Amino acid sequence: MATPTVDFDVRGMLDAQQTLDLLAMKAGKRRRLLNTVSKRVRTQNRKRIRAQRNVDGSAYAGRKNGGNRKMLSGLGKTMQVISLSADEAVLGWSSRLVAGIAAEHQYGRTETMSAARMRRLGKTPDYNGPASKQQARALLKAGYQIRNGKRWKRPSLGWIQENLTNGRAGLILAKLEGGRKKQRWQIELPARQVLGADAEDVREITRTVLQQTLNAPR
């Protein structure tokens, strides 16, 4: 899985005169210009992550448990310029581990989970706690019903979570699905763009920084 980065070669973002102005600069000054552009794009990405939005403005896929806590803020904070020269800059993550985590979120993935692995990760569920929203959804999908007088009816997600424990919900679900508890299941991690940039936005930032650099006292 490719590590998400944003690469900057500003020469392709400028008109003819701006390109000549850029090439007339000393290497150190071009390097500082690229560093400034990269950091401004980084700021844009951090703001977008705080707003929980993809590059195209669409909202991040929500948490499966319905929680509202913001996602990926840690990746936004550790984003940095990882390569810089007089002609090119790269925005990303210096740590391989963090870059790998960013890639999983950027492109999404499917992971196979098992009860044994959950235990190794310290994620054994609280069987005496309330049924989770995922369990409630699975129960309804499997056809779970409750008695309502002489009739049977489909309960709400809220009713299941309020009236069934995690352990009880798991047993009922196993019975509805044929009496065997699943030993392995798939976990879907949806894609959420943690790093990216609209080409026109980058072009505008580059032109602004170039003009500021040209107008700065020598």
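The values are calculated or read from the model by the stated rules, or taken from the named source; none is laboratory data. Quick caveat, the model's predicted, so the values are computed rather than measured. Note: ideal-geometry Cβ built from the backbone for every residue, glycine included; neighbour counts use all protein chains shown.
If the condition is being assigned to a strand (DSSP E or B) and either in contact with an Asp or Glu (Cβ under 6 Å, 6 or more places away or on another chain) or exposed (fewer than 15 other Cβ atoms within 10 Å of the Cβ) (or both), then segment 84-105 contributes only V90. Of the numbered criteria (1) outside any helix (DSSP H, G or I); (2) free of Cβ contacts under 8 Å to residues at least 12 places away in the same chain; (3) of a type in the set (A, V, I, L, M, F, W, C), the one A61 fails is (2). Within segment 33-49, one or more residues are surrounded by 16 or more Cβ atoms within 10 Å (Cβ to Cβ), among the small types (G, A, S) and closer than 20 Å to R203 by Cα.
Residues in segment 7-45 that are closer than 17 Å to Q212 by Cβ, in a helix (DSSP H, G or I) and basic (K, R): K29, R30, R31, R32, K39, R40.
Take the conditions surrounded by 15 or more Cβ atoms within 10 Å (Cβ to Cβ), among the hydroxyl-bearing types (S, T, Y), at pLDDT below 95 and in a helix (DSSP H, G or I) and apply them to T3. Does it pass? Spelling it out, it is not the case that T3 is surrounded by 15 or more Cβ atoms within 10 Å (Cβ to Cβ), among the hydroxyl-bearing types (S, T, Y), at pLDDT below 95 and in a helix (DSSP H, G or I).
You will find that of L20, L14, the residue that is in the same structural domain as E200 (by TED's automatic domain parsing) and either in contact with a Phe, Trp or Tyr (Cβ under 9 Å, 6 or more places away or on another chain) or surrounded by fewer than 17 Cβ atoms within 10 Å (Cβ to Cβ) (or both) is L20 and no other. The residue that is modelled with the highest pLDDT, counting only those in segment 161-218 that are among the charged types (D, E, K, R), surrounded by fewer than 18 Cβ atoms within 10 Å (Cβ to Cβ) and part of a loop (DSSP other than H, G, I, E, B), is D198.
Does segment 79-88 contain any residue that is under 25 Å from the mean Cα position of the chain (by Cα) and among the polar types (S, T, N, Q)?
yes
For every residue, the table says whether it meets (1) within 17 Å of the chain's Cα centre (by Cα); (2) of a type in the set (D, E, K, R).
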residue	(1), (2)
V6	yes, no
M25	no, no
S38	no, no
N45	yes, no
R48	yes, yes
A51	yes, no
